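Structure first, commentary second.
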Amino acid sequence: DVPVDTLGLTTPGVYAIGVEARGRRDDGPRRRLGLTKTFVPWLPEPVAPTRVTWLWPLVSEPRRGADGQFLGDELAGELAPGGRLSELLDAGTGQPVTWVVDPELLAAAADMADGYRVRTRSGVRTGSGEGAASGWLDRLRSATRAAQVVALPYADPDLVALVRAGRATDVAAARAAAAVAADVLGRPVATDVVWPEGGQADLATLEQLRESGARLA
């Protein structure tokens, strides 16, 4: 046991502390016999805890064409029990997370829940995920009822690529369409948060987003 005031600590922080055992073996010289190290946090004054937000994303690939018709039925498998989106929803339910949702995914799931058609190489057929989509949306509404929800720009586009291509109006349109998430969930959601592809953005994109009132995640 060592009194803290004998350690010579000067400023709050985390200090490396070592305990060394020295002695002689037989008649040999005095030397180190053992050494162990650890870290000691020293914060003499109360410190306000750092607030941390755990973002829990529910995002998938767009599955509908420009006419709104589904181009495949893969989303049905993701929403069904055991599917990727179903398991993500189950894992986040009841946890202190901030839900991050793609409005396009929610709109697609809502369309599926009302009954939908899928375009295939051989023609058009009835989709198989009506029940899975309806159940998934019900569980999502329940899980997010008292939680914070953030809606990404519609279809979670590559914002940097759009700005570099001179398509800033598409960025604005995608952000405006984020309000669809509130309609599907039946509750207010935050629409001022974006996350650039790969977590990186150039100065032109940052400036464009700041001017539009966005916050970067």
If you take the residues of region 27-66 that are at pLDDT 85 or above and acidic (Asp, Glu), which of them is farthest from Ala107 (Cα to Cα)?
Glu45
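Being out of contact with any Phe, Trp or Tyr (no Cβ under 9 Å at 6 or more places or on another chain) and of a type in the set (A, V, I, L, M) narrows it down to one residue among Ala108, Ala177, Ala146; which is it? Can you show your working first?
Working: Ala108 fails: out of contact with any Phe, Trp or Tyr (no Cβ under 9 Å at 6 or more places or on another chain); Ala177 fails: out of contact with any Phe, Trp or Tyr (no Cβ under 9 Å at 6 or more places or on another chain).
None of the others qualify; the one that does is Ala146.
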All but one of (1) in contact with a Gly (Cβ under 8 Å, 6 or more places away or on another chain); (2) under 27 Å from Gln95 (Cβ atoms) hold for Leu33, so report the exception by its number.
(2)
Restricted to region 190-204, and to residues that are assigned to a helix (DSSP H, G or I) and more than 30 Å from Leu140 (Cβ to Cβ), which residue is most open to solvent (accessible area, probe 1.4 Å)?
Leu203
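Could we say that Thr126 is at pLDDT below 95 and hydroxyl-bearing (Ser, Thr, Tyr) here?
Details: at pLDDT below 95: yes; hydroxyl-bearing (Ser, Thr, Tyr): yes.
Answer is yes for this residue.
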Answer yes if at least one residue in region 113-136 is in a helix (DSSP H, G or I), touching a residue at least 24 places away in the same chain (Cβ under 8 Å), touching a strand residue (DSSP E or B) at 6+ places or on another chain (Cβ under 8 Å) and buried (at least 22 other Cβ atoms within 10 Å of the Cβ), and no otherwise.
no
So, Gln200, is that one among the polar types (S, T, N, Q), closer than 30 Å to Ala113 by Cβ and out of contact with any Leu (no Cβ under 9 Å at 6 or more places or on another chain) or not?
no
Checking Val97 against (1) at pLDDT 95 or above; (2) farther than 24 Å from Ala190 by Cβ: exactly one of these is not met. Which one?
(2)
Answer yes or no: is there a residue in region 41-54 that is touching a residue at least 12 places away in the same chain (Cβ under 8 Å) and of a type in the set (Gly, Ala, Ser).
no
Among the residues of region 162-185, count how many are within 13 Å of Pro103 (Cα to Cα) and over 17 Å from the mean Cα position of the chain (by Cα).
11
For Ala161, work out the one condition from (1) assigned to a helix (DSSP H, G or I); (2) open to solvent by less than 20 Å² (accessible area, probe 1.4 Å); (3) within 23 Å of Gly213 (Cα to Cα) it doesn't fulfil.
(2)
So which residues in region 205-215 are open to solvent by 60 Å² or more (accessible area, probe 1.4 Å) and assigned to a helix (DSSP H, G or I)?
Glu207, Arg210, Glu211
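Please specify each residue of region 137-158 satisfying the condition of being of a type in the set (Ser, Thr, Tyr) and in a helix (DSSP H, G or I).
Of region 137-158, the ones of a type in the set (Ser, Thr, Tyr) are 142, 144, 154.
Within region 137-158, just Ser142 meets the criteria.
Please work out which residue is nearest to Gly94 (Cα to Cα), limiting yourself to region 137-149 and to residues that are open to solvent by 10 Å² or more (accessible area, probe 1.4 Å) and either of a type outside the set (Asp, Glu) or touching a Gly at 6+ places or on another chain (Cβ under 7 Å) (or both).
Going through region 137-149, the residues open to solvent by 10 Å² or more (accessible area, probe 1.4 Å) turn out to be 138-139, 141-143, 145-148.
Now drop any that are not either of a type outside the set (Asp, Glu) or touching a Gly at 6+ places or on another chain (Cβ under 7 Å) (or both), which leaves 139, 141-143, 145-148.
Working: Arg139: 11, Arg141: 12, Ser142: 10, Ala143: 7, Arg145: 11, Ala146: 10, Ala147: 9, Gln148: 12 Å.
Per the criteria, the residue is Ala143.
Name every residue in region 9-56 that is of a type in the set (D, E, K, R) and under 39 Å from the mean Cα position of the chain (by Cα), in order of residue number. Working first, answer last.
Initial filter on region 9-56 (of a type in the set (D, E, K, R)): 20, 22, 24-27, 30-32, 37, 45, 51.
Matches in region 9-56: Lys37, Glu45, Arg51.
The rows are residues; the columns are (1) farther than 21 Å from Ser86 by Cβ; (2) open to solvent by 30 Å² or more (accessible area, probe 1.4 Å); (3) in contact with a Ser or Thr (Cβ under 6 Å, 6 or more places away or on another chain); (4) not in a loop (DSSP other than H, G, I, E, B).
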site	(1), (2), (3), (4)
Leu105	no, no, yes, yes
Thr169	yes, yes, no, yes
Ala174	yes, no, no, yes
Pro188	yes, yes, no, no
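The values are calculated or read from the model by the stated rules, or taken from the named source; none is laboratory data. From a predicted model like this one, the values you see are computed outputs, not experimental measurements. Neighbour counts are summed over all protein chains in view; Cβ atoms, including those assigned to glycine, are modelled from backbone coordinates with ideal geometry. Heavy atoms of the whole protein, side chains included, go into the accessibility calculation; ligands, DNA and RNA do not. Shrake-Rupley method; radii C 1.70, N 1.55, O 1.52, S 1.80 Å.
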